[in-house]
Every structure is written in structure tokens, then in C-alpha cells.
Amino acid sequence: MFYLMIFFLVYLANKKIKKMKIKSLLLLFLSISVLNGYSQDDLPQDYLSSDFHKDRREQLRKSMPANSVAVFFANAVRNRANDVDYVYHQDPNFYYLTGYHEPNAMLLIFSEDQQNEDSTFNELIYVQKRNEMAEMWTGRRLGVEGTANKLGFKNVFNGEDFKDIPVDFSKFDKVMFRDFFNDVRDNKRDNADLYSLIEQFKSKVSYESLPSKIPAGEEIVEVETNIDVRSLRTLMASLREIKTKDELKLLKKACEISAVGQIEIMKAMHPDMSEAEIQGTHEFVYKKYNVEYEGYPSIVGVGNNGCVLHYIENTKMSAGKEMVLMDLGAEYHGYTADVTRTIPANGKFNKEQKAIYDLVYKAQEAGIAKTVIGSDMRRDIDKAGRDIINQGLADLGIIESPTQKHLYFPHGTSHHIGLDVHDLSNRGPLKENMVITVEPGIYIPEGSPCDEKWWGIAVRIEDCILITKDGPVNLSAMAPRSSDAIEEMMKEESILNAFKLPNLD
Ligand code: GLY
Ligand code: MN
Ligand code: MN
């Protein structure tokens, strides 16, 4: 495009078109180039802003103890096989505080201004260095300049500069970080990779002197240390468990996209569908909305497979007349939904399926009603649903009495969602603008000690509930939930059924 315009202008100049005209053409050219630049950068416009991340750092700083520093590391690159790595995903805390998507980086936040010869700073970020060859293969890097300009950091350095950081860690009362799992690969050709950053950091803070690092059998001598590997989790949870307006926008979108995925599969479902195709239909919908990732591996379990709570093999070839438990969540700009629907593959619940389904539905309704400011996830929400399920299982003769111990509902009812599907939280009473799941379930595996007519029935219903002053708001409500509403939706035609592919051997 650029070269075509140049060619065109030279051509016009040769034709001796008046100076004025050339001037206006030049202006036109400039505006087209700008537009062209934008179209090359045709990216979503609804990412979190650098102001959001800056504000999060500010809030963390305010909550830190005096004379402390908080240190965060980017996620590691993980190898899948040979020269192929797993798709990179940023560490949620690092993303929350920076907006930086790349590996091999670290962030330091200081509770007070730090002074050295030529500057004052209260945060430092070390990032991947620009590298033409690497960027040709694995994508563009922000580098120092990009991190300063796009993410609004004032003090940005290349990772290789961390070894010379102008900070004496021994002077702080607390050096806070999350402990390491020691599972990061060393890229031996790069002395500024995550491995090197961690090793250099450990030596600067005398990490090996932590009492918990002394090898078993050796005498533990009480050592004075300013290292704190516990507090940061609590501080970050206090921030992340309450969603800001900007976060809620993204989380709501993730939930709605996931609900649309459930709706489309309800229309398209038929008994010959495989678990993999059902998974693909949801994920196809996600991609139509430009979702980057699934928030966790998609769970699609037909019949008895649904009894495995995190079943992700998704290899069964056909659904037949069984129910299909579908627990999937779109992750939109970092924020993940967590939505489950369980539907009969042939469009109609049979008697036993309906009895179990309606019981879980009733338990979920009771749980959602308790999802209000001040509630406790275990004592209020879980209990409300569990009491109903226990009574219902007894009424159906699946257990002998509501107080009998059993494994038909083996998980909790709620967890927070956000940048992690099981998001950070301090598990206190619910507050305004928290978002949690309400997900009761009943799972009756083959061979269970009850009438075999119940065997292989697994039902979970899961929605994402926003806590507000006016009560619970179901962010995934678009996807039908009651057995009647599901059967109605399953009567609808799906355009996907016209999508025929050739048979392959
Ligand atoms: N999808 C995982 C869960 O429901 O917690
Ligand atoms: Mn969940
Ligand atoms: Mn789930």
C-alpha cells in the first residue's frame, strides 16, 4: 500500500500537476497511511487499560507493610515436546499488575519511594529484550520502550540488568514473594531468562537461609530473615476477589460467551455426536467472539464419564440417549467463566435423568438465593443446596436417610472466578462485586450401592453469580437451566447440522 502511494505521487509529479494539488494529495496520503497503520493493528479495543494495572499496583502498595518490597515473576515457558512449547499464558498476578503478556520478566513494587543517585522510584519492571531473530520466529516483543509507552511504566529495564539492580534487599523489613516450585527450565543461551532472574534474585535475598530450605537432617539454626513467602497471597487475594467495573465487563462477557456456547450445542446436539465434537462446538463459538483461551481444559462427559469431575479426555464417540455434562469456560482477555450444563443427548430427559436433574436444579436455586452480601460460601450456599440434595437422594431411595454419608456430591458448591478459574480469595463473607460459582451436582457412577437404574447419571449445573447490593445476578443466565427450558431450546434447529464433512478412512 505504502509503495503504491509513493509510485502514484511520483507519477502525478511527473505529470506536473499543480503544487497545491500535490499538497492535498500528500495530506490524503498521510491520512490513508495512518488508517492503514490502524488496520494493521486491527486489535480488540476492550483490553484493560494501563491505568487499570497502574491503579492495581497503587492499591497493592497501599496495603503493603512499611519498608517492604513485593516481587513478582512472569510465568515460565513450558516445553510440550522437542522444540514445541505449550501455548504461553501469563501468571495472573503478573498480568493483573502489569498487563504484560510475555515471559522472562519480573516486577518489584516498593511500599515507599526508593532513592538512588539519579532517580526516585517506587516500582521497577524487568522485561524481555527486543531481539529481531527471536521476534521473527515467536512474535513481537514490547521491549523496554514498548513497556514504557504501552503499559505506562516509568522504570523499565531489560532482564539482563537485574543483576545490577540498585537495591539492597537486606535493608527491607519484608521481602515478599510467592515461593518457587523450582520447576523452571534454564535456557542456557539466555542469561536473562526467568531461570536466571530467579537465581539472581535468590542470591540477592539469601534465599537459601530460609529455615524451610535447610535440608532434612541438618541442624536448623534460627536465622533472622526478612523473606516472607506467605503474606503476598493474602494481599493479592484481598484485591483480586473484589472485581472492579472494568474487570466485571470482561468477566460478564466471558460468561455470556460461554452461555452462548451452551445454547448453540443445545440446538445442535444429536445422539451421534462425539464428546470431541461437542467440545469443538463450544470452542468454535468462543473463537467467533475472539476468545483467546479456554479458562481450563474443557470437560465433556457423556453418561458415566460425567462422574469424573474433571474429565477432559473427551474421547467417547457418541452420546446416544445419555446425558452429557458440559463444563466449559471462555477466557476473555484474561477473565474466565465457568459454566456447566447437563443435557439429554436426544433432547428429552427420561424419568430417572429428570428426577436427578430437577433435584440438582432445586439445590442450585437455593444456593443462588443465598449468594448475597455477608453470606458464607460453605455455611450458607453449600449447606442450602446440600440439604436439598441429601433429602432428595433419600426420597428417591438412593441413600437410606438424609444424614447418611455418601459420595454422590463430592465437591464444594462455590469458588471465586476471575483471572483464575479457581480465583484467589480469602474465603471470608461475600462482598459486593465478588463473582462466584454456584455448582451443585449429583454423580452416580456405575456400580454404586443403589438401584442400577440410577447408574451412570451425572448432573452438574453451574453458573457465575455476581454479588450486588440488590442480590445475586446470574452472569450466565442466557443458557437455559431448568429441564423444561433445556428441552425447549433443544427443539430449535441448528445451522451446524448442515455442516457436512467428507468421510475419511
Ligand atoms: N470447571 C472446574 C470447576 O467447576 O470448578
Ligand atoms: Mn467451578
Ligand atoms: Mn466448572
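The values are calculated or read from the model by the stated rules, or taken from the named source; none is laboratory data. Predicted model only: the values in this text are computed from it and were never measured. Don't worry about glycine lacking a Cβ; one is built from the backbone with ideal geometry, like all the others, and counts go over all protein chains shown. Heavy atoms of the whole protein, side chains included, go into the accessibility calculation; ligands, DNA and RNA do not. Shrake-Rupley method; radii C 1.70, N 1.55, O 1.52, S 1.80 Å.
Step by step: first the residues of the stretch 438-480, then only those that are in contact with a Cys (Cβ under 6 Å, 6 or more places away or on another chain) and within 16 Å of ligand 1 (Cβ to nearest atom), then the one that is nearest to I389 (Cα to Cα). Which residue is that? Only one residue fits best here, namely Y443. Say whether the condition of being closer than 26 Å to C450 by Cα, buried (at least 19 other Cβ atoms within 10 Å of the Cβ) and more than 31 Å from the chain's Cα centre (by Cα) is met by at least one residue in the stretch 360-380. The answer is no; no qualifying residue exists.
Reported count of residues in the stretch 350-359, each being touching a Phe, Trp or Tyr at 6+ places or on another chain (Cβ under 7 Å) and surrounded by fewer than 21 Cβ atoms within 10 Å (Cβ to Cβ), is 1.
The one condition from (1) farther than 20 Å from V302 by Cβ; (2) open to solvent by less than 20 Å² (accessible area, probe 1.4 Å) that S494 does not meet is (1). Against the list (1) touching a residue at least 40 places away in the same chain (Cβ under 8 Å); (2) over 23 Å from R57 (Cα atoms); (3) in contact with a strand residue (DSSP E or B) (Cβ under 7 Å, 6 or more places away or on another chain), the condition M176 fails is (2). Of all residues in the stretch 137-160, those that are of a type in the set (K, R) have Cβ atoms under 9 Å from Cβ atoms of residues that are crowded, with 17+ Cβ neighbours inside 10 Å, 6 or more apart or on another chain, in R141/E102; R141/V127; R141/Q128; R141/K129; K150/G99; K150/L142; K154/E123.
Selection within the stretch 281-304: residues that are without any contact (Cβ under 8 Å) to a residue 60 or more places away in the chain and within 12 Å of T342 (Cα to Cα). The member of this set that is farthest from ligand 3 (Cβ to nearest atom) is V302. Strands (runs of 3 or more DSSP E) fully within the stretch 307-411 that include at least 3 residues being touching a strand residue (DSSP E or B) at 6+ places or on another chain (Cβ under 7 Å): 323-328, 339-344. Scanning the stretch 429-468 for residues that are small (G, A, S) and over 18 Å from A369 (Cα atoms) yields G447, S448, G456, A458. Of the residues screened, R460 is one that is of a type outside the set (A, V, I, L, M, F, W, C), touching a residue at least 40 places away in the same chain (Cβ under 8 Å) and within 30 Å of N93 (Cβ to Cβ). Per the listing S68, S49, the residue uniquely open to solvent by 10 Å² or more (accessible area, probe 1.4 Å) and polar (S, T, N, Q) is S49.
Take L419 and decide whether it is touching a Pro at 6+ places or on another chain (Cβ under 6 Å) and either in contact (Cβ under 8 Å) with a residue 40 or more places away in the chain or over 22 Å from D395 (Cβ atoms) (or both). Spelling it out, L419 is indeed touching a Pro at 6+ places or on another chain (Cβ under 6 Å) and either in contact (Cβ under 8 Å) with a residue 40 or more places away in the chain or over 22 Å from D395 (Cβ atoms) (or both). Beta carbons closer than 9 Å, at least 6 apart along the sequence or on distinct chains, pair a first residue in the stretch 114-133 that is under 15 Å from V156 (Cα atoms) and open to solvent by less than 20 Å² (accessible area, probe 1.4 Å) with a second that is modelled with pLDDT of 95 or more and among the acidic types (D, E) for F121/D113; Y126/E160; Y126/D161; V127/E102. When the stretch 308-340 is filtered for residues that are touching a Cys at 6+ places or on another chain (Cβ under 6 Å) and open to solvent by 10 Å² or more (accessible area, probe 1.4 Å), nothing remains. Listed by first and then second residue, the pairs with beta-carbon distance under 7 Å, at least 6 apart or on different chains, first residue in the stretch 80-95 and in a strand (DSSP E or B), second open to solvent by less than 70 Å² (accessible area, probe 1.4 Å), are D85/V77; D85/N79. Among the residues of the stretch 87-97, those that are touching a Phe, Trp or Tyr at 6+ places or on another chain (Cβ under 8 Å) and not aromatic (F, W, Y) comprise V87, H89, Q90, D91, N93, L97.
Screening V285, V291, V300 for residues that are part of a helix (DSSP H, G or I) and open to solvent by less than 20 Å² (accessible area, probe 1.4 Å) leaves exactly one candidate, V285. Of the strands (runs of 3 or more DSSP E) contained entirely in the stretch 412-505, those carrying at least 3 residues that are within 16 Å of ligand 2 (Cβ to nearest atom) fall at 435-438, 441-444, 457-460, 463-468.
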